[in-house]
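This report concerns only the one structure given below.
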Amino acid sequence: MAKLFLDERRLFLHLDKMPEDPENVDFYMILHQGFGSKLHSYDITPKGLDLTPVADWIVNHNFKEFGRYARTLEVVNYVMPSPSPMVYVAKSGLNDVFHVEKLEIDHNLLRPFMDHISVLQSPDDSICQYSYDKIGDVAAFTHVYNEGDMLFVWERYYKRQFGEANVFIIDHGSNDGSIEKLPNQRNVITLPHGKLDHWNMSAFCGYFQRFLLTQYKKVIHTDCDEFLVAKDDPDALKERILATPDHRLCVPELAYELFHDPANEPAIDFSRPITSQRTHLKSNIHFIKPAITSRGATWTPGFHSSFEKDHFPVEDVWMIHARNIDFEDCHRKDNNWGGLVQSDVDKVMYRNDRTPKDELMKVFEENLAKCDARVPTWLDGVF
């Protein structure tokens with residue numbers, strides 16, 4: 001059996017049967033169906049193939065390649081549960097395989113992925129006997145940078161749902177006055193603003209979510225233009241969230257984007273409920289995201305997925321994405337984000353360009369043509 005392991009900070013692949021002339025053959029690791037890689041570079045040692053040069057080259061010499069490989073972290077959860085990861089030894093591609101071994105992945109290799117704090121909250125008594133009687137029911141938090149009036153709408157809505165003391169805002173260095181406009185700033189946590197890095201945002205939100213879970217039964221995280229709503233009975237959101245299974249990540253049953261029709265609807269008035277001013281909804285499964293949590297979440301950049309895949313759909317809870325409720329405000333936000341300086345890794349993983357105004361209008365028109373629903377009566381005036 002082949003074994004992938006760490007030894008003195010070096011990554012090795014040991015095979016029970018090494019080919020007689022290993023330098024003239026190809027090695028492939030097939031970690032999961034549809035996901036595999038050829039080992040382009042390695043050193044041959046008595047311990048096996050030393051793969052450290054591959055990793056060093058990726059990290060230190062080619063950010064484009066690093067970006068591509070960093071994205072594979074997003075699917076590591078698909079790799080680990082695989083029942084049969086394999087190593088193939090071939091003469092010239094996978095069409096000429098002459099040796100195959102099952103692959104065993106040493107637990108030390110997974111240590112960086114271990115969430116030790118979540119072990120304390122494990123529902124499995126065979127893992128941990130520790131428990132704590134949490135007093136808080138539901139907390140909601142978001143992270144923001146210069147979000148304008150939308151932040152006021154987000155806080156107003158979730159404060160009404162869960163109570164002012166249970167709503168938290170991570171301010172990543174806003175300077176547009178949006179924080180100062182909030183009626184109460186006691187639960188605003190201010191962070192210094194560095195370069196734009198989506199992995200870093202996922203990290204600090206993940207840590208804060210775990211912090212809240214030490215005291216709350218359920219924790220909600222959304223962007224400040226995302227609104228979880230209880231279908232047919234908007235005041236039942238807290239009740240439905242508390243009824244979700246413990247130690248799970250949960251997703252809304254359905255998700256819609258709310259769109260402005262610039263040709264027929266006036267500019268938004270943020271002092272009034274948004275859903276009384278807009279009518280066009282477009283379904284989008286991209287926003288069926290793990291936003292309702294009762295265990296540690298390791299979100300991928302953008303928060304639309306997570307390493308943990310035991311997602312539970314919450315019946316009669318929708319997600320409404322309200323980024324596009326006003327064309328001019330959307331254009332302002334696009335310019336705001338497009339002007340941010342990205343980290344080196346972020347540059348190769350995500351485009352962050354400003355969209356010309358005429359092109360943005362075309363995007364609005366195309367999406368309006370695809371809208372497949374209207375704001376229902378029960379949602380009118382909810383936020």
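The values are calculated or read from the model by the stated rules, or taken from the named source; none is laboratory data. Just so you know, these numbers come straight off a predicted model, no measurement behind them. Note that each Cβ is placed from the backbone with ideal geometry, even for glycine, and that neighbours are counted across all protein chains shown.
Numbers for the structure displayed
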{"read-out": "Close pairs (8 angstrom Cβ cut-off, 6 or more residues apart or separate chains): part of a loop (DSSP other than H, G, I, E, B) in the range 361-383, surrounded by 14 or more Cβ atoms within 10 Å (Cβ to Cβ) and basic (Lys, Arg) anywhere", "value": "Cys371/Lys282; Asp372/Lys282; Val375/Arg278; Phe383/Arg156"}
{"read-out": "Number of positions in the range 336-360 that are in contact (Cβ under 8 Å) with a residue 24 or more places away in the chain and of a type in the set (Gly, Ala, Ser)", "value": "1"}
{"read-out": "Residue match in the range 370-381 (condition: β-branched (Val, Ile, Thr), at pLDDT 95 or above and surrounded by fewer than 20 Cβ atoms within 10 Å (Cβ to Cβ))", "value": "yes"}
{"read-out": "Thr190 being under 22 Å from the mean Cα position of the chain (by Cα), in contact (Cβ under 8 Å) with a residue 40 or more places away in the chain and surrounded by fewer than 14 Cβ atoms within 10 Å (Cβ to Cβ)", "value": "no"}
{"read-out": "Selected residue (only one of Ala297, Ala236, Ala267, Ala263 is among the small types (Gly, Ala, Ser) and not in a loop (DSSP other than H, G, I, E, B))", "value": "Ala236"}
{"read-out": "Ala165 in the same structural domain as Met319 (by TED's automatic domain parsing) and within 21 Å of Pro301 (Cα to Cα)", "value": "no"}
{"read-out": "Restricting the range 8-21 to residues that are at pLDDT 80 or above and part of a strand (DSSP E or B), the residue that is farthest from Val97 (Cα to Cα)", "value": "Phe12"}
{"read-out": "Criterion violated by Asp358 - all others in (1) surrounded by fewer than 17 Cβ atoms within 10 Å (Cβ to Cβ); (2) of a type in the set (D, E, K, R); (3) not in a helix (DSSP H, G or I) satisfied", "value": "(3)"}
{"read-out": "Selection from the range 216-233 of residues that are assigned to a loop (DSSP other than H, G, I, E, B) and either surrounded by fewer than 15 Cβ atoms within 10 Å (Cβ to Cβ) or among the hydrophobic types (A, V, I, L, M, F, W, C) (or both)", "value": "Cys224, Asp232, Asp233"}
